[in-house]
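Presented below is the structure to which this report refers.
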Amino acid sequence: MVIPLLVPAIALLALAGQATAQPAALSRIEVVLADFSYSPKTIRLEAGQKAVLRLTNQGSGGHNFAAPDFFSRAQLDPASAHLVHKGKVEVKKGASVDLTLTPVAGRYKLKCTHFLHSGFGMKGMIVVE
């Protein structure tokens, strides 16, 4: 009598073991680079959660997104890694760049390194909690 009850119980356990957790939804953050500003000025990400940063340059010229400490600690998706050079991403006028990455907890400074741009206010913060 025990054997007939044991077989269905084992089958249920086997099926439960095959269930896999669904991956967390990919977080998408839109960042606008304008003439001497980033919007949002503070970018908030979740540590360990894969995210896509879409950088869109709406300014009248080229800008960059320079956050060397952030990029040195984040895990960049292989398709995005080539876009980051020496801790910054160049974004031409009118262009958008998508970066897929998994950030590490911390507070990171962000600025545009083009001549005088950060001095005119093109700086911000990336907060990863």
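The values are calculated or read from the model by the stated rules, or taken from the named source; none is laboratory data. Remember, predicted model here, so these are calculated numbers, not experimental data. Here the Cβ is made from the backbone with ideal geometry for all residues, glycine too, and neighbour counts use every protein chain on show.
Considering only region 15-22, I want to know if a residue exists there that is loosely packed, with under 12 Cβ neighbours inside 10 Å, under 20 Å from Asp98 (Cα atoms) and at pLDDT below 95. For region 15-22, residues loosely packed, with under 12 Cβ neighbours inside 10 Å, under 20 Å from Asp98 (Cα atoms) and at pLDDT below 95: absent. Among the residues here, Ser37 does not qualify as over 14 Å from the mean Cα position of the chain (by Cα), exposed (fewer than 13 other Cβ atoms within 10 Å of the Cβ) and at pLDDT 95 or above.
I need the strands (runs of 3 or more DSSP E) fully contained in region 77-123, keeping only those with at least 1 residues that are hydrophobic (A, V, I, L, M, F, W, C) and in contact (Cβ under 8 Å) with a residue 60 or more places away in the chain. Steps first, please.
Values: elements: 88-91, 96-102, 106-111.
Here the list reads 106-111.
In this structure, does Val52 turn out to be β-branched (Val, Ile, Thr) and either in contact with a Gly (Cβ under 9 Å, 6 or more places away or on another chain) or at pLDDT 95 or above (or both)? Let's see the steps before the verdict.
Values: β-branched (Val, Ile, Thr): yes; either in contact with a Gly (Cβ under 9 Å, 6 or more places away or on another chain) or at pLDDT 95 or above (or both): yes.
Here the answer is yes, as Val52 does meet what is asked.
Might you check whether a residue that is surrounded by fewer than 16 Cβ atoms within 10 Å (Cβ to Cβ), out of contact with any helix residue (DSSP H, G or I) (no Cβ under 7 Å at 6 or more places or on another chain) and among the acidic types (Asp, Glu) occurs anywhere in region 80-92? No, that holds for no residue.
Would you check if there is a residue in region 43-55 being out of contact with any Pro (no Cβ under 9 Å at 6 or more places or on another chain) and assigned to a loop (DSSP other than H, G, I, E, B)? Scanning region 43-55 turns up no residue that is out of contact with any Pro (no Cβ under 9 Å at 6 or more places or on another chain) and assigned to a loop (DSSP other than H, G, I, E, B). Of the residues making up region 33-42, just one is over 12 Å from Gly124 (Cα atoms) and part of a strand (DSSP E or B), namely Ala34.
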